[in-house]
Amino acid sequence: MPDRLMLLDTASLYFRAFYGLPDTIRRSDGTPVNAVRGLLDMIARLTTDYDATHLVACWDDDWRPQWRVDLLPTYKSHRVAEVVTGAADVEVVPDALEAQLPLIRRVLGLAGIAVVGAPEHEADDVIGTYASHADLPVDVVTGDRDLFQVVDDARQVRVIYTARGMRNLEVITEIVIVGKYRVLPQQYADYATLRGDASDGLPGVAGIGEKTAASLLKEYGTLDMLLEAALVAGSGLSAPVRSKLAAAADYLIVAPAVVNVVRDLKLPTLEEAGAQLHPVLGDSRAELEHLATEWNLGGSVRRLIEALDRRD
């Protein structure tokens, strides 16, 4: 089997698992385990169906980095449950999901699945760095369109898009992005900056929607070149568009740094992280099987172990 790296937008997946499975799936003491079971089933299926040989569960060490908030205070502001001075803000996470996160980390560790985060950065930035520097084909698993910017056909980087559910996964390549949005993957961050994204608190440029954003980028290539054209009288840019860009000038100065994923984090190498998948053996297997019984994870743990056994 040729090597292939899979990068998980882990929070995106465990939120999907939590809301996709009934919260009646519980341990005998009443503790919910639906997110744990759902995530394990996703990993078992994804690694098998897409022939992953290496896997990193990318983690949000900071889901809303202060440096991004300093640039754009509205960034993810609607998802803040509590503002914490001098520390990361608390995200709106249901208590029943919050209670499962330690178990998710424990099970992933026992299964030998690498979990990698970075201080003051989101999982997207971890994904952006690995996807940009890996010397093997990459599948990014996410329900977040922001990560379309890392797609690169020449380097065999694609997105396995989960937004329509695990039964309707979509493989996002360059031709898919061009077909849907009329922009190239490397233009996607500029496109999102112009049109805005309510799910991330990005206001966009008032009066510029998806079609206009795409047509402007088709003509001018990048946001920087578009803004340069707006300063040149004979550039051909219409007066109404100039006016809209001028009104959003403060936003357009800071937004690209917020929207673009970081691609140069100092992360452990794939080897250092233990990204290569392998069967679960010895004490780890015994403890994982014990947890399956203790926490009512039976079938999900079994399917994960079977998927990893195929890597022998």
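Spot the failing condition for R263; the list is (1) assigned to a loop (DSSP other than H, G, I, E, B); (2) over 30 Å from P65 (Cβ atoms); (3) of a type outside the set (A, V, I, L, M, F, W, C), and only one is missed. It is condition (2) that R263 fails.
Quick one: would you say R45 is more than 21 Å from T162 (Cα to Cα) and either in contact (Cβ under 8 Å) with a residue 40 or more places away in the chain or touching a Pro at 6+ places or on another chain (Cβ under 7 Å) (or both)? So R45 fails the test.
Selection of the range 37-65 for residues being in a loop (DSSP other than H, G, I, E, B), out of contact with any helix residue (DSSP H, G or I) (no Cβ under 8 Å at 6 or more places or on another chain), farther than 30 Å from I253 by Cα and not polar (S, T, N, Q) yields Y50, D51.
On the given criteria, is R68 of a type in the set (K, R), assigned to a loop (DSSP other than H, G, I, E, B), under 18 Å from the mean Cα position of the chain (by Cα) and under 27 Å from L252 (Cβ atoms)? The answer is no for R68.
Residues checked against (1) touching a Leu at 6+ places or on another chain (Cβ under 7 Å); (2) closer than 28 Å to R106 by Cα:
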residue	(1), (2)
Y251	no, no
P256	yes, no
L265	no, yes
E289	no, yes
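Taking every residue in the range 165-181 that is under 20 Å from R16 (Cβ atoms) and pairing it with any residue that is among the polar types (S, T, N, Q) and in a loop (DSSP other than H, G, I, E, B), at least 6 positions away or on another chain, the pairs with Cβ-Cβ distances below 7 Å are L169/T162. As a summary of the residue check, I208 satisfies the conditions (1) buried (at least 16 other Cβ atoms within 10 Å of the Cβ); (2) part of a helix (DSSP H, G or I) except for the one numbered (2).
Matching residues to (1) assigned by TED's automatic domain parsing to the domain that holds V141; (2) of a type outside the set (K, R):
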| site | (1), (2) |
| --- | --- |
| T173 | yes, yes |
| V176 | yes, yes |
| R195 | no, no |
| E210 | no, yes |
| A214 | no, yes |
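Which of (1) buried (at least 16 other Cβ atoms within 10 Å of the Cβ); (2) within 16 Å of A255 (Cβ to Cβ); (3) of a type outside the set (S, T, N, Q) does Y181 not meet, given it meets every other one? The one condition Y181 does not meet is (2). Applying the condition of being of a type in the set (V, I, T) and touching a residue at least 12 places away in the same chain (Cβ under 8 Å) to the range 222-263 and asking which residue is surrounded by the fewest Cβ atoms within 10 Å (Cβ to Cβ) yields T222. Counting only residues that are in a helix (DSSP H, G or I), among the hydrophobic types (A, V, I, L, M, F, W, C) and under 14 Å from A292 (Cα atoms), how many does the range 9-34 have? Looking only at that region, the number is 0.
Kindly establish whether R302 is touching a Pro at 6+ places or on another chain (Cβ under 9 Å), among the basic types (K, R) and under 30 Å from A35 (Cβ atoms). It is false that R302 is touching a Pro at 6+ places or on another chain (Cβ under 9 Å), among the basic types (K, R) and under 30 Å from A35 (Cβ atoms).
The values are calculated or read from the model by the stated rules, or taken from the named source; none is laboratory data. Worth saying up front: this structure is predicted, and the values here are computed from it rather than measured. Methodologically, a virtual Cβ is constructed for each residue, glycine included, from the backbone with ideal geometry; neighbour enumeration extends over all protein chains shown.
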